[in-house]
Amino acid sequence: MAGSLVSVIIPTYNNAGLIPYTLDSILGQSYSPLEIIVVNDGSTDGTAEVVQGYVSHGSVRLHTQPNQGDIAARNKGIELARGDYIAFIDSDDLWNREHVRLLVEETERSPETGMAFDNVIYFAGSDASERQGEVVAADGGEKIMVDPSRAKRMAAAPVSLQEIYTDNLITTSAFMVRKEVFARVGVFDKEIYLMNDLHLFYRIGAYYTMRFVDYVGVRKRIHPKSLSMVNSHYEYGVYCLENIRERYPEVYQRIGRRIFDKKLGSKYYRLGRHYERLGEREKAKDMYKKALLTRRLNLRYYWEYARASWS
């Protein structure tokens, strides 16, 4: 008997060289049925033509739109999706063979589970150095997101919202969500740029059970065009958390003020150090003040604010 339909959403922009590897890894999944929705966000390098060559597989759909950015492309994919479950993959990442099957099975164990995710290995590569096959452990200098001992513990029980918030254990290519979840928590927030996936995970975790599967399901490619490589995280990280606190107060409360403010204070502090390195002393002073106001008993924040005020 066929399983529930899973919609796989791939936002892409000018990635003609790498997207075939991504599509091949999805088409090689052990699970079916899948609908694969490629949202071509205004590519000009032949990406649409490459994807069009896969449409004959029957499960691949191509939607082309003017360039609106990654968030708009993901949200368009959600709008187009017909599946009971939705999974995302960046157009330069890869899935191992059992990724979808294991996430569906884990989600279906309990109606309270709104989202499931598995483990990730980061690797450096290009279309000229692609390595095929199943990956079960980090090797060759690759970095695994959740180490084996922690992965075993996480798989034994639901993962708490606080743990997700504190340690950032999920990437966009590694999670699957029940489509109905979006009706409650909303889609990717268009106001959040680099951290929009984490922002969504916090909102999901505030209302639904999250489960982890101890399986390396994703190979996440690191290369010069990766968002994380070309954008500073400091300002985006602060804005993401401020947005949660101000616009999603119930999520803030469910994370817990003490845990939430500890991370936000740290981000203010790091942003202050970043501004100091750039020679922007007034901005640095302001961030140290915000860090201190967030965690008044932190002596480091007190000292940095005092030092910045005296200089």
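The values are calculated or read from the model by the stated rules, or taken from the named source; none is laboratory data. Bear in mind the structure is a predicted one, so any value in this text is a computation, not a measurement. Glycine gets a Cβ as well: all are built from the backbone with ideal geometry, and neighbour counts include every protein chain shown.
Being free of Cβ contacts under 8 Å to residues at least 40 places away in the same chain, among the hydrophobic types (A, V, I, L, M, F, W, C) and in contact with a strand residue (DSSP E or B) (Cβ under 7 Å, 6 or more places away or on another chain) is true for just one of LEU62, LEU27. Which residue is that?
After ruling out the rest, the residue left standing is LEU62.
Check GLN68 against each of (1) loosely packed, with under 14 Cβ neighbours inside 10 Å; (2) more than 20 Å from PHE201 (Cα to Cα) and name the one condition it does not meet.
(1)
In the stretch 65-83, how many residues are touching a helix residue (DSSP H, G or I) at 6+ places or on another chain (Cβ under 8 Å), in contact (Cβ under 8 Å) with a residue 40 or more places away in the chain and not in a helix (DSSP H, G or I)?
0
If I filter the stretch 1-33 down to residues being under 21 Å from the mean Cα position of the chain (by Cα) and among the aliphatic types (A, V, I, L, M), which single residue comes out as farthest from PHE175 (Cα to Cα)?
LEU18
Matching residues to (1) under 21 Å from PHE88 (Cα atoms); (2) in contact with a helix residue (DSSP H, G or I) (Cβ under 9 Å, 6 or more places away or on another chain); (3) among the acidic types (Asp, Glu):
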| site | (1), (2), (3) |
| --- | --- |
| VAL159 | yes, yes, no |
| GLU163 | no, yes, yes |
| ALA174 | yes, yes, no |
| VAL185 | yes, yes, no |
| GLU191 | yes, yes, yes |
| MET195 | yes, yes, no |
| LEU198 | yes, yes, no |
| PHE201 | yes, yes, no |
| ALA206 | yes, yes, no |
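Being touching a Ser or Thr at 6+ places or on another chain (Cβ under 7 Å) and on the phi < 0 side of the Ramachandran plot is true for just one of LYS190, LYS220, LYS152. Which residue is that?
Answer to the selection: LYS220.
Please find, among MET176, MET195, MET145, the residue that is touching a residue at least 12 places away in the same chain (Cβ under 8 Å) and within 18 Å of ARG101 (Cα to Cα).
The conditions single out MET176.
From ASN196, ASN168, grab the single residue that is in the same structural domain as VAL38 (by TED's automatic domain parsing), at pLDDT below 90 and closer than 27 Å to ASN75 by Cα.
Going through ASN196, ASN168 in turn, just one is in the same structural domain as VAL38 (by TED's automatic domain parsing), at pLDDT below 90 and closer than 27 Å to ASN75 by Cα: ASN168.
Being in a strand (DSSP E or B), in contact with a helix residue (DSSP H, G or I) (Cβ under 7 Å, 6 or more places away or on another chain) and at pLDDT 95 or above is the requirement here; does ILE86 meet it?
Against the criterion (in a strand (DSSP E or B), in contact with a helix residue (DSSP H, G or I) (Cβ under 7 Å, 6 or more places away or on another chain) and at pLDDT 95 or above), ILE86 qualifies.
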